[in-house]
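Heads up: the structure comes next, in structure tokens.
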Amino acid sequence: LALSVVILGAAAGLTVLTFSTEPTAQRSGATKRTPMLVDIMEVSAENHRPAIVVTGTVEAARDIELRPVVDGQVVKVGDGFNPGARVAKGDLLLRLEAADFRNELAQRKSALHQARADLAQENALHNVAVAELKYVEQGGARNEDMLLRKPQLDAARERVTAAEAAIDQAKLNLGRTTIRAPFDALVLRREVDIGSLLRPSDSAGRIVGSDEYWVTIEVPQSKLRWIQTRDADADEDGAVVTIRNETAWPKGASRKGRLQRVIGALDGATRMARALVVVRDPLGDKSESSPALMIGEFVEVAIQGSELENAVRLERRFIRDKDTVWLFADGKLVVKPVTVAIEDETHAYVVEGLSTGDKVVVTALSRPRPGAELRVREA
């Protein structure tokens, strides 16, 4: 038994000695850091004209509600006075019954003849009074105006003037029984027909000028200084704009217009500035390839902005948090603050912080760390 205990003890000691003297495995060398692989883009500072893209609504430059000036029954409707039809300046739209106004004109002419006859008689009496006055004895008070019938003569002259004015008014009223197009127009609505009785408060229809439309747009106040409106003093046109409606027009179709003026009031709901764009030939009469504009149409308007000198044009996604840009310099990442003058729909225009030849990192980095080593992907 004692021998067994000795043998077990010796075995335990040998085991402890073996494990205590066993060599320890050690890691040899640290993990090697690999520079991040990125794509870069070399930039240059140039002159640019940014495009400011906004939305707007098409309106008529000339839009009138047709109302008669005199009462009358409609006796004729012009051939072109129908919704959607085009009328030229001077075309007949409506004619009202004119018999009453012709009768009135005849009465006014008769009154004028009578007034002129009365004036002639007073002139004759005045001449007789002038001749008689020469033989009146001198001396003593006398009323010469009464003797010469000057008040009667003046009254006769006034009656002639009033009669002539009444004739002019009667002719004017007679002319108003015929309603003609005041300008080249598109008929939007007609509300009467032959037999309709019209009064000055009644609407006969609605027409809009066909030579020019307006597009009212909303522009952020921060971008107003970059757009050029028409200079009336210098007789210069405003900035060129491109109008599109991708929903309704054929692919690639567009219209040109000019930025006329900024309306001096902010929109009450959006607090944005409103401006007016003028579009000539809005119905595309002079060009078959130009889509026609429609009143009330919602369109996209791209305004050609004022020229930016010595600016770097970058896609907006390359402007990082807090207006910074990632640069590749000497194999490392540099986070550079920049000043963006303006942004359009797709690009930002940097006027401070970048120079020609700078290499902008265009790869998205999950954890950008200034000074991190980078390597450029081969082309």
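The values are calculated or read from the model by the stated rules, or taken from the named source; none is laboratory data. This structure is a prediction, so every number in the text was calculated from the model and none was measured. Every residue, glycine as well, gets a Cβ built from its backbone with ideal geometry; the counts of neighbours run over all protein chains shown. Ligands, DNA and RNA are excluded from the accessible area calculation, which covers all protein heavy atoms including side chains. Shrake-Rupley method; radii C 1.70, N 1.55, O 1.52, S 1.80 Å.
Inside the range 37-51, can you point out the residues that are open to solvent by 50 Å² or more (accessible area, probe 1.4 Å) and either assigned to a strand (DSSP E or B) or out of contact with any strand residue (DSSP E or B) (no Cβ under 9 Å at 6 or more places or on another chain) (or both)?
Result: 37, 40, 41, 42, 46, 47.
Please specify each residue of the range 58-82 satisfying the condition of being in contact with a Gly (Cβ under 9 Å, 6 or more places away or on another chain) and within 12 Å of residue 192 (Cα to Cα).
Residues of the range 58-82 in contact with a Gly (Cβ under 9 Å, 6 or more places away or on another chain): 58-66, 73-75, 81.
Within the range 58-82, 66, 73, 74, 75, 81 qualify.
On the given criteria, is residue 299 surrounded by 15 or more Cβ atoms within 10 Å (Cβ to Cβ) and modelled with pLDDT under 95?
So residue 299 fails the test.
Among the residues in the range 92-102, are any closer than 30 Å to residue 282 by Cα, under 33 Å from the mean Cα position of the chain (by Cα) and in contact (Cβ under 8 Å) with a residue 24 or more places away in the chain?
Yes: one or more hits.
With respect to residue 58, is the statement that it is part of a strand (DSSP E or B), open to solvent by less than 100 Å² (accessible area, probe 1.4 Å) and modelled with pLDDT of 95 or more true?
yes
Identify, please: which residue in the range 292-348 is in contact (Cβ under 8 Å) with a residue 60 or more places away in the chain and of a type in the set (S, T, N, Q) and is, among those, farthest from residue 61 (Cα to Cα)?
Among residues in the range 292-348 that are in contact (Cβ under 8 Å) with a residue 60 or more places away in the chain and of a type in the set (S, T, N, Q), the one farthest from residue 61 (Cα to Cα) is 310.
Select the strands (runs of 3 or more DSSP E) contained entirely in the range 168-273, then report the ones holding at least 1 residues which are on the phi > 0 side of the Ramachandran plot and of a type outside the set (Phe, Trp, Tyr).
Filter on the range 168-273 gives 205-209.
Would you point out which residue out of 346, 363, 324 is of a type in the set (Ser, Thr, Tyr) and within 24 Å of residue 225 (Cβ to Cβ)? Can you show your working first?
Working: 363 fails: within 24 Å of residue 225 (Cβ to Cβ); 324 fails: within 24 Å of residue 225 (Cβ to Cβ).
After applying the criteria, what remains is 346.
When the residues of the range 332-372 are filtered to those that are in a strand (DSSP E or B) and under 17 Å from residue 33 (Cα atoms), which remaining residue is least open to solvent (accessible area, probe 1.4 Å)?
The extreme case among them is 333.
Could you please find all residues in the range 274-284 being in contact (Cβ under 8 Å) with a residue 24 or more places away in the chain, assigned to a loop (DSSP other than H, G, I, E, B) and out of contact with any Phe, Trp or Tyr (no Cβ under 7 Å at 6 or more places or on another chain)? Let's see the steps before the verdict.
Initially, the range 274-284 is screened for residues in contact (Cβ under 8 Å) with a residue 24 or more places away in the chain, giving 274-283.
Checking which are assigned to a loop (DSSP other than H, G, I, E, B) leaves us with 281-283.
Listed by number, the residues that qualify are 281, 283.
Of the numbered conditions (1) open to solvent by 30 Å² or more (accessible area, probe 1.4 Å); (2) under 24 Å from the mean Cα position of the chain (by Cα), residue 317 satisfies every one except a single condition; which is it?
Of (1) open to solvent by 30 Å² or more (accessible area, probe 1.4 Å); (2) under 24 Å from the mean Cα position of the chain (by Cα), only one is false for residue 317: (2).
Restricting attention to the range 268-296, which residues are surrounded by fewer than 13 Cβ atoms within 10 Å (Cβ to Cβ) and not basic (Lys, Arg)?
Scanning the range 268-296 gives 268, 269, 270, 287, 288, 289, 296.
For the range 226-258, give me the residue count where each residue is aliphatic (A, V, I, L, M), open to solvent by less than 50 Å² (accessible area, probe 1.4 Å) and at pLDDT 90 or above.
3
Got a number for residues in the range 242-287 being more than 13 Å from the chain's Cα centre (by Cα), charged (D, E, K, R) and closer than 18 Å to residue 51 by Cα?
Matching residues across the range 242-287 total 3.
Select from the range 137-168 the residues that are small (Gly, Ala, Ser) and modelled with pLDDT under 75 and write down the one among them that is nearest to residue 108 (Cα to Cα).
The selected residue is 141.
Pairs only if they're at least six apart or on different chains, beta carbon under 7 angstrom, first in the range 183-195 and without any contact (Cβ under 8 Å) to a residue 60 or more places away in the chain, second assigned to a loop (DSSP other than H, G, I, E, B) and not aromatic (Phe, Trp, Tyr); list them, first residue then second.
191/203; 191/204
Determine whether residue 375 is in contact with a strand residue (DSSP E or B) (Cβ under 9 Å, 6 or more places away or on another chain) and open to solvent by 90 Å² or more (accessible area, probe 1.4 Å).
Yes: the conditions hold for residue 375.
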